[in-house]
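Rule-based calculations on the coordinates, nothing more; no lab input. Model, not experiment: these values are computed from the prediction. Ideal geometry is used to build each Cβ from the backbone, glycine not excepted, and the neighbour counts take in all protein chains shown.
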Amino acid sequence: MKTAVNIGSLQLKNPILTASGTFGNGHEFIDYMNLNSIGGFCSKGLSMEPRGGNPEPRIVETASGMLNSIGLENGGAKAFLNEVLPQVSDYDTAVIVNIYAHSMAEFVELVRYLEQSDRIDGYEMNLSCPNVAEGGAAFGSDAAVVAKLTQAARNETKKPLIIKLSPNVTDVREMAKAAQGAGADAVSLINTLIGTAIDREKRRFILARKVGGLSGPAIKPVALKMVWDTVQAVDIPVIGIGGIVSFEDVLDFLIVGATAVQIGSGNFINPALAQECAHSLETYLEERNETIDQLIGSIRS
């Protein structure tokens, strides 16, 4: 059955992706699943220079979810090209590099540097991470800035460009429209919601930075609604993220119009979840004699 979907010029064999920060850089999961079974994966957030991340504690479990304040820890662009990328180069799955920076010039420098690799299939610009004090959240909350950053990256690459949007804004549709107008091939949403947790006995915040990003099943209703809103506002593909821990969750996002989905916190619960969802999608479509195009956006008013 036909399960392929297109994100700009990139064709994914199926719409199942894994979310940045929840799947390492792909090779960490090869003992748990076949990377070739999914449409692709998004790398850990990558910066031009290495970053150590935030101080511990930086993860806490919450009701139906988790808070993280990892702080985009990574080894930098040079190490990614020389040491990380070769470990997944032979797999028949899309490699989408999630990138972040603290200035437009740094975004441009990073994309320009990564362009030397033919194994990178696309970029996902993180304009929305709430876990670092400088940069991300401010970038994603201003439509004009979203447009300028998208255009800057667009000028450096012909590869598919995905803009990852923050839910921590007044109207995510305006950010999506700005990205589309500046040349984005797709938008992905939602990134984590900002939250906190306390130790009531010690009367202290649990996370070292006090706040973190909330993910997991708790945010799915918010994510589903924002994806549905955005699908109606733009003409480019929308990639749904937020609280996907089962194949039924995948179906929900596709039915409201997402072209693809990213599985995030669910990977921590079941490292083979993405592969299982890809297989379940094939079975689902075959049993109903339905194509992926008929499934996507099939919500009834």
Could you please let me know if Ile194 is farther than 23 Å from Leu10 by Cβ, of a type in the set (Val, Ile, Thr) and surrounded by fewer than 18 Cβ atoms within 10 Å (Cβ to Cβ)? yes
Looking at the range 1-29, which of the residues that are crowded, with 22+ Cβ neighbours inside 10 Å and of a type in the set (Val, Ile, Thr) is farthest from Lys44 (Cα to Cα)? Val5
Filter the range 185-200 down to residues that are more than 14 Å from the chain's Cα centre (by Cα) and small (Gly, Ala, Ser), then give me how many there are. 2
Taking the range 253-289 only, how many residues are touching a residue at least 60 places away in the same chain (Cβ under 8 Å), of a type in the set (Asp, Glu) and either in contact with a Lys or Arg (Cβ under 8 Å, 6 or more places away or on another chain) or more than 17 Å from Gly40 (Cα to Cα) (or both)? 1
Considering residues that are closer than 24 Å to Gln180 by Cα, touching a Lys or Arg at 6+ places or on another chain (Cβ under 7 Å) and not in a helix (DSSP H, G or I), the number found within the range 225-251 is 2
Mind listing whichever residues of the range 180-190 are out of contact with any Pro (no Cβ under 6 Å at 6 or more places or on another chain) and either assigned to a strand (DSSP E or B) or closer than 11 Å to Ile239 by Cα (or both)? Val187, Ser188, Leu189
Given the conditions (1) under 25 Å from Lys13 (Cβ atoms); (2) touching an Asp or Glu at 6+ places or on another chain (Cβ under 8 Å), and given that Ile255 satisfies all but one, which numbered condition is not satisfied? (2)
